[in-house]
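Working notes, beginning with the structure itself.
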Amino acid sequence: MKNIILLLLICLATISVFAQGSKFHERVLSQVNCNDCYFVVLSVRSEQYSGRIVVENDALFSYLKETRQVNRQSYLPLMLGFLRENRELDMDHAFIDESGLFLEGKNLRKSSFRILKRSKSFDAVSTKSCVDLIRHYFAPPVEMPIGKEASACRVVIKLTGKDLLIRPRFDISEQSNLINKLFEEEIPVYRDDISGSLKIAHETLK
């Protein structure tokens, strides 16, 4: 009987986590025509590169629209399947550009498909807590509310009531690793349409 109860509790916890992840994925995938679309992180496979990429959602939608005839209605369920199951997206004829930082090729928006490469600078701070990462990379400073020492990163950002902009001193690789980490934490990131800087809006953390 105890084993059955334990199994049920595990199943309920799994369903709860899955539902939370699905809600976050739906949010970042929902906007496809925008100046400040969220970043998406997913696994891809091409002749030259297999691994993770970081891309703004509108650029990803545009690529799939041209290569797979995807429309607004079919895009969301298609990409939810890839993200939930961590499947690789085949990107035929995509190649690594001269900088080694982006994928290029037919129907790929230039400098939009960022290759997730290891960043020693990010590794140096990646062992810190999520809140410490936010403090390191973004301004204004995020303060831990009194009595909230164990709060999740999302909660702390939301409680600040301020939009956060990345500090202007980090290269593409470090930024991409940061986006990937925040994506894992279900914190949506986009580029501010005025400054072009990475941004977290506290109202998006619902």
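From the list 102, 24, 82, exactly one residue is within 30 Å of residue 194 (Cβ to Cβ), in contact (Cβ under 8 Å) with a residue 24 or more places away in the chain and open to solvent by less than 70 Å² (accessible area, probe 1.4 Å). Which is it? One residue alone meets the criteria, 24.
When residues in segment 35-47 are screened for being polar (S, T, N, Q) and either open to solvent by less than 80 Å² (accessible area, probe 1.4 Å) or within 15 Å of residue 108 (Cα to Cα) (or both), 2 of them pass. When residue 32 is tested against (1) modelled with pLDDT under 95; (2) open to solvent by less than 30 Å² (accessible area, probe 1.4 Å); (3) closer than 15 Å to residue 179 by Cα, only condition (3) is not met. When residues in segment 35-79 are screened for being of a type in the set (Ser, Thr, Tyr), in contact (Cβ under 8 Å) with a residue 60 or more places away in the chain and touching a helix residue (DSSP H, G or I) at 6+ places or on another chain (Cβ under 6 Å), 1 of them pass.
Taken together, 128, 158, 106, 120 contain a single residue that is out of contact with any Phe, Trp or Tyr (no Cβ under 8 Å at 6 or more places or on another chain), charged (D, E, K, R) and more than 24 Å from residue 52 (Cβ to Cβ), which is 158. Only residues that are among the aliphatic types (A, V, I, L, M) and either touching a strand residue (DSSP E or B) at 6+ places or on another chain (Cβ under 8 Å) or within 13 Å of residue 37 (Cα to Cα) (or both) were counted across segment 150-193, and they come to 10. The residue pairs whose first member lies in segment 154-183 and is on the phi > 0 side of the Ramachandran plot, whose second member is not small (Gly, Ala, Ser), and whose beta carbons are closer than 7 Å, counting only pairs six or more residues apart or on different chains, are 161/202. Quick check on segment 38-51. Is at least one of its residues within 25 Å of residue 118 (Cβ to Cβ), in contact with a Pro (Cβ under 9 Å, 6 or more places away or on another chain) and of a type outside the set (A, V, I, L, M, F, W, C)? Looking for residues that are within 25 Å of residue 118 (Cβ to Cβ), in contact with a Pro (Cβ under 9 Å, 6 or more places away or on another chain) and of a type outside the set (A, V, I, L, M, F, W, C), one finds at least one in segment 38-51, hence yes.
Residue check: residue 136 meets all listed conditions (1) assigned to a helix (DSSP H, G or I); (2) within 17 Å of the chain's Cα centre (by Cα); (3) of a type outside the set (A, V, I, L, M) but one, namely (2). Residues in segment 48-65 that are buried (at least 20 other Cβ atoms within 10 Å of the Cβ) and touching a Cys at 6+ places or on another chain (Cβ under 7 Å): 56, 57.
For segment 143-176, residues that are at pLDDT below 85 and in a loop (DSSP other than H, G, I, E, B) total 11. If only one of 87, 68, 109 is of a type outside the set (Ser, Thr, Tyr), under 27 Å from residue 201 (Cα atoms) and open to solvent by 60 Å² or more (accessible area, probe 1.4 Å), which one is it? Going through 87, 68, 109 in turn, just one is of a type outside the set (Ser, Thr, Tyr), under 27 Å from residue 201 (Cα atoms) and open to solvent by 60 Å² or more (accessible area, probe 1.4 Å): 109.
The values are calculated or read from the model by the stated rules, or taken from the named source; none is laboratory data. Remember, predicted model here, so these are calculated numbers, not experimental data. Note: ideal-geometry Cβ built from the backbone for every residue, glycine included; neighbour counts use all protein chains shown. In case anyone asks, the SASA skips ligands and DNA or RNA and just uses the protein heavy atoms, side chains included. Shrake-Rupley method; radii C 1.70, N 1.55, O 1.52, S 1.80 Å.
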